[in-house]
Amino acid sequence: MSFSPQLLALADYLTGEFDNREQALAEPVWYVHLRLWQKPVPLFSEDSITLFVEQASVVNLEQPYRQRIMRLTEGSNPESPLTVQYYMLKDPKAFSGAAKGDRALLESLTIDHIDLLPGCVLNVKQQVLDERRYQFIATPPPESRCCFTYLGNTIQVALGFEATEHEFLSYDKGIDPATGKATWGAILGPFRYTKRDGEWGVRNGHRA
């Protein structure tokens, strides 16, 4: 299937290896130095571009966490023509570290390994910076709640991001369902990631 230039650009901007080194050095009390990987996987290829995502503290790269799936699709809303649907892995440990370079393991991922997170979706708006560059802003639909159960615990997450060609801003944060207050993540503002490596990028609808 052929995808729009906007969807291809979004996928290309999101794909790669990122870190927030400058932010962590400038504000070490508030921001941990993180490495973030977002790599394409062969899921839902009939109508989507799908990414496997995980992250790790730079001081402990051998223990990545927050493995998740982002499915990028085109919608019918002219104001937010793109959407991102999140999925969770049934067994995150089975794919731990895959995004760091184990392409064979990523290629083995199937829909049987993941579960849909119905309320965990973002609408994506785009701003044209020039003929070939965009800024994407992803926010949840009104009244949506991203909640799921993991290891017997109910987890609520507020999702959101901005992306340009070389920078990814994550607004993700954990929410205490009882109080509605943020407990971890981008409490004082977004984590500002810079793309360090665009390997496995998405070009013309195919994995590079």
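The values are calculated or read from the model by the stated rules, or taken from the named source; none is laboratory data. Note that the structure is a prediction, hence the values are computed from the model and not measured. No Cβ is skipped: glycine too gets one built from the backbone with ideal geometry, and neighbour counts run over all protein chains shown.
General remarks:
- Residue check: ASP12 meets all listed conditions (1) touching a residue at least 60 places away in the same chain (Cβ under 8 Å); (2) part of a strand (DSSP E or B); (3) of a type outside the set (A, V, I, L, M, F, W, C); (4) closer than 20 Å to THR83 by Cα but one, namely (2).
- Per-region count, the stretch 156-208, residues of a type in the set (D, E, K, R), modelled with pLDDT of 85 or more and within 23 Å of THR50 (Cβ to Cβ): 7
- Condition met for ALA98 (of a type outside the set (Lys, Arg) and buried (at least 18 other Cβ atoms within 10 Å of the Cβ)): yes
- Restricting LEU109, LEU188 to residues that are under 25 Å from LYS93 (Cβ atoms) and outside any strand (DSSP E or B) narrows the list to LEU109.
- Long-range neighbours under 6 Å by Cβ, at least six apart or interchain, first residue free of Cβ contacts under 8 Å to residues at least 40 places away in the same chain within the stretch 94-111, second surrounded by 15 or more Cβ atoms within 10 Å (Cβ to Cβ) and not in a loop (DSSP other than H, G, I, E, B): LEU105/ALA98
- Test: THR73 is among the polar types (S, T, N, Q), closer than 25 Å to ALA9 by Cβ and touching a Phe, Trp or Tyr at 6+ places or on another chain (Cβ under 9 Å): yes
- So LEU7, is it surrounded by 14 or more Cβ atoms within 10 Å (Cβ to Cβ), out of contact with any Phe, Trp or Tyr (no Cβ under 9 Å at 6 or more places or on another chain) and more than 28 Å from LEU188 (Cβ to Cβ): yes
- Hey, ILE137 under 24 Å from GLY189 (Cα atoms) and β-branched (Val, Ile, Thr) or not: yes
- When LEU7, LEU82 are checked against the criterion of being hydrophobic (A, V, I, L, M, F, W, C), closer than 20 Å to TYR171 by Cα and under 15 Å from the mean Cα position of the chain (by Cα), a single residue qualifies: LEU82.
- Hits in the stretch 118-139 - residues which are within 27 Å of PRO177 (Cα to Cα) and either at pLDDT below 95 or exposed (fewer than 15 other Cβ atoms within 10 Å of the Cβ) (or both): PRO118, GLY119
- Once the stretch 26-45 is narrowed to residues that are under 23 Å from LYS173 (Cα atoms) and under 15 Å from the mean Cα position of the chain (by Cα), the residue that is surrounded by the fewest Cβ atoms within 10 Å (Cβ to Cβ) is LEU34.
- Any strands (runs of 3 or more DSSP E) falling wholly within the stretch 129-184 and containing at least 1 residues that are free of Cβ contacts under 8 Å to residues at least 40 places away in the same chain, among the polar types (S, T, N, Q) and closer than 24 Å to GLU74 by Cβ: 133-139
- Pairs with Cβ under 7 Å, 6+ apart, first in the stretch 25-48 and over 24 Å from ILE69 (Cα atoms), second assigned to a loop (DSSP other than H, G, I, E, B) and modelled with pLDDT under 95: TRP30/LEU188
- One residue stands out among those in the stretch 151-167 that are of a type outside the set (A, V, I, L, M) and in contact with a Pro (Cβ under 9 Å, 6 or more places away or on another chain): the one that is surrounded by the most Cβ atoms within 10 Å (Cβ to Cβ), which is PHE161.
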